[in-house]
Amino acid sequence: MADPSLEDLVANRTMSPEMAATLAAAARERRSLLFFAIPRLAGKTTTMLATLDYAPEGTPIHELSAETEPDLGIPDEPDGGYLVMHEIAQTDFPHYLWGEPVRRVFEALREGGLSLATVLHAGGYEEAFSIIIDGNEVPDADAALIDYAVHIRSLGPDWREPTRRVVAELHEVTDIRDGSVEARLLHRWEEASDRFEVVGEPSLLASGAAALGELAEQFRRRLDE
């Protein structure tokens with residue numbers, strides 16, 4: 001079975017067409033992306049990979065690993081690709097990085113010409129960036145190279161068998177100073193009404209409101225095909 005696409009995640013109401021449009025546009029522009037949730041099996045990696053499918057054709061995808069030393073799989077020269085850090089976590093899994101390797105990944109973004117896609121366990125964007133900045137000692141300026149932060153929730157009484165997954169919030173990161181994150185909320189899921197809301201417009205994307213609206217409409221039309 002193929003991995004779920006953004007179209008699939010709109011169809012099963014993990015996200016709205018507008019959320020999918022923002023993520024697709026971010027990947028097309030090679031923006032750096034952070035996906036996070038508290039429980040395992042919440043769909044962090046699934047959503048990340050579905051988003052990366054919208055990166056421009058031919059974009060190099062560098063899957064990083066502690067087993068690929070000394071460079072972790074980071075290319076010698078920036079090549080316009082994505083560095084994929086499958087999780088920021090303290091484990092023995094080679095694709096999960098922590099500490100000095102995480103700092104090396106963020107350092108590689110400084111020159112430009114590379115983007116980051118990664119996931120971690122956190123219940124909000126403040127906690128997620130605290131793990132990066134405080135837990136891994138990543139400097140503020142490096143952490144601020146992340147453009148979009150995506151909070152996913154797993155619903156149901158048993159996290160091992162969620163009844164539904166939902167993108168609860170999507171933020172655009174605007175600045176980080178003294179460990180404090182400034183972020184603009186663009187999209188959210190209103191739990192009481194089970195309704196997705198557009199809260200703000202992105203300022204970092206070259207795609208304007210009209211282009212994002214057309215892209216959202218394309219996702220909406222595909223539901224009817």
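The values are calculated or read from the model by the stated rules, or taken from the named source; none is laboratory data. Since the structure is predicted, the reported quantities are computational estimates derived from the model, not experimental observations. In this analysis, Cβ positions are derived from the backbone assuming ideal geometry, glycine residues included, and neighbour counts consider all displayed protein chains. Each accessible area value is taken on the protein alone, full model and side chains, heavy atoms only, with ligands, DNA and RNA left out. Shrake-Rupley method; radii C 1.70, N 1.55, O 1.52, S 1.80 Å.
Using only the Cα atoms of the stretch 1-115, build the gyration tensor, take square roots of its eigenvalues as a ≥ b ≥ c, and label the shape rounded, prolate or oblate: rounded if a/c is under 1.5, else prolate if a/b is larger than b/c, else oblate. Don't skip to the answer; put the middle values down first.
Working: a/c = 2.18, a/b = 1.39, b/c = 1.57.
Oblate shape, in that a/c is at least 1.5 and b/c is the bigger or equal ratio.
Could you look at the chain and say what percent of its accessible area is carbon and sulfur, using a 1.4 Å probe and all protein chains?
Numbers: 4910 of 10750 Å².
With neighbouring chains kept in place, the figure for the chain is 46 percent.
So for each of 131-139, 172-180, 8-16 I average, over its residues, the number of other beta carbons within 10 Å; can you give me the resulting order with the highest mean first?
On the way: 131-139: 17.7, 172-180: 14.6, 8-16: 19.3.
In decreasing order of mean packing, 131-139, 172-180, 8-16 become 8-16, 131-139, 172-180.
Using the heavy atoms of the protein chains and a 1.4 angstrom probe, tell me the accessible area per residue for the stretch 39-130 in square angstrom. Don't skip to the end; give the middle numbers.
Values: 4190 Å² over 92 residues.
Here the residues of the stretch 39-130 average 46 Å² of exposed surface.
Have a look at Gly73, Gly156, Gly43 and tell me which one the Gaussian network model of the chain (Cα, springs below 10 Å) gives the largest fluctuation.
Gly156
Give the peptides 81-94, 22-35, 189-202, 50-63 in descending order of average Cβ contacts within 10 Å, highest first.
Values: 81-94: 17.5, 22-35: 23.0, 189-202: 13.1, 50-63: 15.2.
Answer by packing, highest mean first, reads 22-35, 81-94, 50-63, 189-202.
What accessible area per residue comes out for the stretch 133-214, rounded to a whole number of Å², with a 1.4 Å probe?
Values: 4270 Å² over 82 residues.
Here the per-residue accessible area is 52 Å².
Just round it to a whole percent: the fraction of Cα-Cα distances in the chain exceeding 24 Å.
Value for the chain (Cα pairs over 24 Å): 40 percent.
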